[in-house]
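Have a look at the structure below, then the notes.
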Amino acid sequence: MEQRHTFQEFENAEEAQHTALLLQEHNIPSRVEKYNPLLDQNFIGKQYNEYVQLKLAPGDFERARQILIDATEIDMNTVDRHYMLFGLKNDELTDILAKPDEWGAYNYKLAQLILKERGVEISSSKTTELQQEHIAELSKQKSLDGTWIVL
């Protein structure tokens, strides 16, 4: 069996199960696991959230992310206009399109809709290019100055 890694974390098992079922409908096997905190409850106090992880094979991450984006429906007439994305500039919204792994399906889709509402159309090929640049940036090896290593 292929090793699975955390694809997404949820605050409750119902949300995780719902997402797992959606992915299974598209032939992406997944596993829902309760997340165990690193420190015992005696040290950090009562845990009020369950924290559940959805685990997938790493090769399924991109396809799963696209399935979640496609499944996310947003009615712009019902979205709270005070939501933080409405205060962002166009280049900041474009940055969200470059990083769907960091922003999630809802924010990704909403950023697209806000840009479209503002008259800024970004093609799917441009979005793919932005995402590839983001992945390339993440995969660059970072070096530390010697003083930081000594410290």
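Counted residue by residue at 0.36 nm each, then reduced by the alpha carbon distance between them, the extension gain from residue 126 to residue 77 reaches 14.9 nm. Peptides 100-113, 5-18, 65-78 ranked from most to least packed by the mean count of surrounding Cβ atoms within 10 Å: 100-113, 5-18, 65-78. Given axes a ≥ b ≥ c from the Cα gyration tensor, I'd like to know whether the range 49-93 is rounded (a/c under 1.5), prolate (a/b larger than b/c) or oblate. Verdict is prolate for the range 49-93. Amide H to amide H, with H built 1.01 Å from N, residue 7 comes under 5 Å of 54, 55, 56, counting only residues 5 or more places away or on other chains. A simple spin-label model places the labels of residue 5 and residue 92 3.0 nm from each other, with each point 7 Å out along Cα-to-Cβ. As a calculated quantity, the FRET efficiency between residue 61 and residue 116 at R0 = 35 Å, using C-beta atoms, amounts to about 0.85.
Bear in mind that the values in this text are calculations on the coordinates, not laboratory data. The model shown is predicted, which means the values in this text are computed figures rather than measured ones. Here the Cβ is made from the backbone with ideal geometry for all residues, glycine too, and neighbour counts use every protein chain on show.
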